[in-house]
Structures are given as C-alpha cells and as structure tokens.
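First comes the structure, then the notes that go with it.
Each reported figure results from applying straightforward, stated rules to the coordinates on display, with no laboratory input. Everything quoted here is computed from the prediction, not taken from an experiment. A quick note on method: Cβ atoms are made from the backbone with ideal geometry, for glycine too, and the neighbour counts reach across all protein chains shown.
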Amino acid sequence: MKSTVNLVIKIGSMALIRKEDNDLDYNIISKLGAQLKPGMLLISSGATEIGRLDYLKRNDFKELAGDIEEIKTDYASQGQSILMENYRTFINASYSIRQVLVEHSHFNDNDKRDHIINLLLRAPSQNAIPIVNYNDPVSSEENRKMELNSLKGDGTKVVECIDNDETAAEIARLVKAEFLIILTSVDGILKDPDDPSSLIRDISADSYHDLKIKVNDALVYCNGASRSGSAGAGAKLRYALKSAKHGTTVYIANVKFNLDDILSGKARSTKIALKK
C-alpha cells in the first residue's frame, strides 16, 4: 500500500505534564490537538504518568505500593482513557481518532506488522488520525523479556519497543513517513544543558556512514533522562539515525513550538537527516 502518512509525531510523558502542579498540561495537549489532521500519526507517551497523577488526586496523594511492574500496569490502565479523552476533546471534531495499542510482537511478526501498517495507512482516506501507544497495561516485563530473548536466539533482528521513541522510529519507517517530529520539554540536543545557545541545529550528511559518525559525535552531549524509565536524549538520537537511514527527516524539538514552524526551520530544533 502506498504511503499516505506524511508526518509522524511523538510526544513524551514529561512534555505533557505541568511538573509544578503535578497535572496534565492542558495548554500543550490542546495546542497539539488543534494541529493534528489526517495524514498525521501521533505516538503519545503519558498513560502511566497521567494515570499515576490521577490516582494520587483520588487517594489523598498516596502512591501505590508493591510490585513495581504491577504498579506500572495499574497506573497505565488508569491513564489510557484519560489520555484519549483529552485528545478527543481538543482534536477537530470533524476528524475521527483511533487508538492503536501496540506491543513488541506487532513489529516482530510479519502478519501482525502488515496488519498494523495497513491500519495506519488506511486512516487518512477515512478522515482519521491514529494515536499510538505501547500497551503497558497488558505487557508483562518478564514475559516480554522471555519472548524477546527467544527471538534473539533465532538470530532474528528484533524490535524491542523499550521506549516510545523506538516505537515512533519503527512506525515512521514502516509507513515511509517523510518527517518525524520528536516533541520534548527541551529545544533539541544541547552541548550544554544550561546554555540554550549551545543547541545543535543540524546533523546531516550525504551518506549514512557520515551521518552515523556525526550522530555518534553528538551523543557525547546526551546524558540522563527526563524521568525514571525514560531512555533520554541519547536514545532519541540513535532512533532518529535509524529513521534517517530510511529517508525520514527527523526533528527533536520543544513541544511549545508549532509543528509547521518546526518543519519550516523557524522554530529551534535539532534536525537529523540524509541530504537529498
């Protein structure tokens, strides 16, 4: 099926949260929702953290206790409906939205992979916007590791979907998207996190070999993650490189900027691409 998705957008959990208030940032989600339209595809993190915040508000701000994987499952299942409810509220009512919950198995099985690709590619012609998230509520970490190790044992190249950055990069490749925008709470890759002027605006090259060298050079500036369980800026760059290898131009940008301004270069961001 011919690609019908021009732009894939990924937004991280912390980009959706007002840290000072421990609540959803409704300004961000409303602004993003208003910009989405058919032909775009959104990969949205946030269900687990949003579910956690909702649980705290309803239970005297007491965290769940017990097994960390069970807690993550409970928070994620509570947050999924809240996340989708808010996107539905702020996306143009004339567009349909479609929740697509994926797991690693959907990318490592040919039939499941083709099923997901066709679902995503049909959406624009049906006036619909897919919103993708990893299916944390039903994904056991122990089972996931066992399944992945079994696949690796066969010598198969495995998509792990450890982080939604990887999920976004893989989906952008599968639907042959022209652009991938990774929205974060910072402007892009900074040489010095305390110096906005140190932003790396462009990482591009004529060949994949040269682009990989430039990305590796930039990785020395990537330390830490915005939250526990997040892979951080380094992972974003590595997955961006994989997308760029297949012809997708990637932008790592601040969620405060408009999508059009990011794509046009008007907004500050880090662009990763093979020169065309």
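Tabulated values for the structure
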read-out: Volume per residue of the C-alpha convex hull in the chain, rounded to whole Å³; value: 137
read-out: Violating pairs (Cα-Cα greater than 18 angstrom) within the set K242/K271; K10/K271; K37/K275; K191/K236; K10/K256; value: K37/K275
read-out: For the chain, calculated [θ]222 nm from helices alone, where every DSSP H run of n ≥ 4 adds -39500 (n - 2.57); value: -13000 deg cm²/dmol
read-out: I82, I28, I182, I252 arranged by Cβ crowding within 10 Å, fewest neighbours leading; value: I82, I28, I252, I182
read-out: DSSP-defined beta bridges in the stretch 7-274 - what % are antiparallel, rounded to 5; value: 20
read-out: Relative contact order %, the chain, counting alpha carbon pairs below 8 Å whose residues are six or more apart; value: 21
read-out: Whole-angstrom gap from the stretch 166-227 to the stretch 29-75, using each part's C-alpha centre; value: 25
read-out: Segments 213-222, 235-244 sorted - mean Cβ within 10 Å per residue, highest first; value: 235-244, 213-222
